[in-house]
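The values are calculated or read from the model by the stated rules, or taken from the named source; none is laboratory data. The structure displayed is predicted, hence computed values, not measured ones. Positions of Cβ are generated from backbone atoms using ideal geometry, with glycine treated the same way; all protein chains shown enter the neighbour counts.
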């Protein structure tokens, strides 16, 4: 997300930390780096200027120069100011005293309004609400079709226009429909324009004045540059904006728009879009984002995702069976799927504090994708239920059949079985009190997640930098040390076990899989 | 965070919208000389147009030299800056390639929401107006209703469309379209692809497959791989250009949404670093609003005078 900004600031801190005492010139040098980093992160130049001025003012004050740990003081000031810039605490959607709550989306063309509408609907559904989507983009060809398709994927009903409808008519009908259904929240998708012009504002105001939304959300692209500030301001003045949704935060854009917008229109960022899957939406947490920019990781988001992906009852059951060394390949598969539900591996790893710099030091973030996991899943799915429960019955001819069925090689099947045996043996040992340190038993959310940072720390520490640099080796068959899995691997994915070349993830399977998962 | 700070910021951003000329006027002030403060103001204005720190500093350096050497004064600044910017993009102009033997296969690639589908339609319209026979290919099989959107456009333009069922293999669409293009003696086959973020390895690999398959269906294809870049894109545009060029050998850029308040300053960095030409600029929502890129017009617009 803010990877590169984090990287640059880390470089600055490193240099500041190397000194006992800071001079005004030191502070200025560091702040120059901060300025460039923020500008390259697309933070608006005026926001950058004021930000740097404020930090300088405080950094040159007595609290820093006379402090015994001046570098830490500067870091603390930057962090505080960054948090302040992004808004105090996470904000929630407005709620109508009398349902339905009406949410109006607005934004430029290509910001991702239609996709976001469905994602928001899906999120509300998961929160136990009864959402309804209104397709009021009558401008872009097939926009209504698109909303109907993604709405179906999210499981949220869509109100489509009838012949002769104007956008405001559709919106009004949707609100009316919500009262009768009943649905308690209506999300209104609107047409974008390539720019903020009078026609767009008139249309939006027309809809607004007809349905009186409780919340107007501006959908903004995290890839946006300096103009994001103007756009936010234009919509704020034209229709009034209550909150912002930042899309495409799963890109490698640094997303400085997040920093500008809040200060420019004084409205909080409420949601972020983090992927193409229909459930790739998260509530925005300013303090987490600030920590993330400063290279402190994003453990809270990680835990939240893990909670959503894990079935607590199942975890308890697995734990019970593991104690008795009755772990089956089916459990193995369940756990793996839970990890995959947390999102792309690369994203998950990016949230681990301290892992980012370590990976970069080792030659950059390895190409992490889900193919390694996909192979293992395919292998296990090619087994009969009996084989999954009792892997010891898998003989040579069964191995050959499984390899064929999963489109893998017998050697891969062998490797998985060997690893599984290792895991089972380790767990048996653990149940008898011989658990290796840093590998807590899976205890659903409590134990398993408590072990997250530790487990990942083990990944970073256990793998020599060269191994990390090798890239795909990290995903390889070494599923063990993944967070939440809590399963120790059959050893680090050393060179001998590394999957060959960064060829993983070719083809279309992954993406289609994403689409299907959207139906969950 | 004091309210005064916020207030100042908001007032300042209001000024930013008046464009670079206004910024220049206020930077130069009433003294009519280019002092450090004035140059700093100009640098801010360039930064606000997404020109980026490196290019903004280089441009300001040129102005500083000119001021010292030629006694350049405030009145000469806008024209000088415009020329400097246009000069940097002079080599970025070239027309669309044509294959020695038709059809010419063009692949439109880019991140989500930059306007690939619309650009495909506008380009088809443009080529058709020149008397070429054009076939559109809906190789975005991922985004819901993308093919429908392109079908509507194909109808308006009056060209044929090759499409498959949603969720199909986009490379198969490309293959069929190119094969159909050859069979039907088309001059151009324009392939619209799904938007993808350049940091998604699997999606980039999917794009590579499309180019391979195009080459299999017609030797030498794709003849053009055009990266569609949104003028509102910030610094990430450079990263987009780098990665797309690395994976699928981008041959040129289309800069869209130049009719907005965004200035598209990112192309300066993209052209400087990668040497990519800019073939077209999207300047509006109508079918006719795709124009050959013009460095002088672009530079003038970037300075708020276009």
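Tabulated data
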| item | result |
| --- | --- |
| Search result, residues across segment A:40-49 that are assigned to a helix (DSSP H, G or I) and buried (at least 20 other Cβ atoms within 10 Å of the Cβ) | A:40, A:45, A:46, A:47, A:48 |
| Test: residue B:93 is surrounded by 24 or more Cβ atoms within 10 Å (Cβ to Cβ), on the phi < 0 side of the Ramachandran plot, in contact (Cβ under 8 Å) with a residue 60 or more places away in the chain and more than 14 Å from chain A (Cβ to nearest Cβ) | no |
| Of residues in segment B:218-244 being buried (at least 20 other Cβ atoms within 10 Å of the Cβ) and away from every other protein chain (no Cβ under 14 Å), the one farthest from the chain's Cα centre (by Cα) | B:218 |
| Search result, residues across segment B:62-78 that are free of Cβ contacts under 8 Å to residues at least 24 places away in the same chain and exposed (fewer than 13 other Cβ atoms within 10 Å of the Cβ) | B:65, B:68, B:69, B:70, B:71 |
| Those helices (runs of 4 or more DSSP H) lying entirely in segment A:334-413 with at least 1 residues assigned by TED's automatic domain parsing to the domain that holds residue A:276 and either on the phi > 0 side of the Ramachandran plot or modelled with pLDDT of 85 or more (or both) | none |
| Search result, residues across segment A:123-149 that are over 22 Å from residue A:203 (Cβ atoms) and at the interface with chain B (Cβ under 10 Å from one of its Cβ atoms) | A:149 |
| Flag if residue A:210 is more than 28 Å from residue B:285 (Cα to Cα), modelled with pLDDT of 95 or more, more than 14 Å from every other protein chain (Cβ to nearest Cβ) and outside any loop (DSSP other than H, G, I, E, B) | no |
| Every residue from segment A:98-115 that is away from chain B (no Cβ under 11 Å) and touching a strand residue (DSSP E or B) at 6+ places or on another chain (Cβ under 8 Å) | A:99, A:100, A:101, A:102, A:103, A:104, A:105, A:106 |
| Of all residues making up segment B:152-180, the number that are under 20 Å from residue B:213 (Cβ atoms) and in contact (Cβ under 8 Å) with a residue 60 or more places away in the chain | 2 |
| Candidate set: segment B:254-274, residues that are in contact (Cβ under 8 Å) with a residue 40 or more places away in the chain and over 16 Å from residue B:51 (Cβ atoms); chosen: the one nearest to the other protein chains (Cβ to nearest Cβ) | B:257 |
| Helices (runs of 4 or more DSSP H) wholly inside segment A:108-189 that include at least 1 residues being more than 20 Å from residue B:142 (Cβ to Cβ) | A:113-126, A:167-180 |
| Criterion: within 31 Å of the chain's Cα centre (by Cα) and within 14 Å of chain B (Cβ to nearest Cβ) - qualifying residue of A:183, A:160, A:199 | A:160 |
| In segment A:155-171, the residues that are within 21 Å of residue A:219 (Cβ to Cβ) and without any contact (Cβ under 8 Å) to a residue 24 or more places away in the chain | none |
| Among residues of segment B:275-285, those that are more than 11 Å from every other protein chain (Cβ to nearest Cβ) and either surrounded by fewer than 23 Cβ atoms within 10 Å (Cβ to Cβ) or within 21 Å of residue B:153 (Cβ to Cβ) (or both), counted | 6 |
| Lone qualifier among B:254, B:283, B:270, B:250 - being assigned by TED's automatic domain parsing to the domain that holds residue B:130 and modelled with pLDDT under 95 | B:283 |
| Any hit, segment B:186-207, residues being surrounded by fewer than 21 Cβ atoms within 10 Å (Cβ to Cβ) and touching a strand residue (DSSP E or B) at 6+ places or on another chain (Cβ under 9 Å) | yes |
| The listed residue being within 18 Å of residue B:112 (Cβ to Cβ), more than 14 Å from chain B (Cβ to nearest Cβ) and in contact (Cβ under 8 Å) with a residue 40 or more places away in the chain, out of A:120, A:204 | A:120 |
| Residue in segment A:266-278 that is nearest to the other protein chains (Cβ to nearest Cβ), counting only those that are under 19 Å from residue A:44 (Cβ atoms) and surrounded by fewer than 24 Cβ atoms within 10 Å (Cβ to Cβ) | A:266 |
| Failed criterion for residue B:51 (all others in (1) more than 14 Å from chain A (Cβ to nearest Cβ); (2) at pLDDT 75 or above; (3) part of a loop (DSSP other than H, G, I, E, B) hold) | (1) |
| Enumeration of residues in segment A:241-261 that are assigned to a helix (DSSP H, G or I) and within 10 Å of chain B (Cβ to nearest Cβ) | A:257, A:260 |
| Answer from A:144, A:156, A:149 - the residue that is within 19 Å of residue B:145 (Cα to Cα) and crowded, with 24+ Cβ neighbours inside 10 Å | A:156 |
| Single residue of A:178, A:174, A:191 found to be under 30 Å from residue A:233 (Cα atoms), away from chain B (no Cβ under 14 Å), over 26 Å from the mean Cα position of the chain (by Cα) and in contact (Cβ under 8 Å) with a residue 40 or more places away in the chain | A:174 |
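Table: residues versus (1) more than 20 Å from residue B:150 (Cα to Cα); (2) within 11 Å of the chain's Cα centre (by Cα).
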| position | (1), (2) |
| --- | --- |
| B:269 | yes, no |
| B:273 | yes, no |
| B:276 | yes, yes |
| B:279 | yes, yes |
| B:284 | no, no |
| B:297 | yes, no |
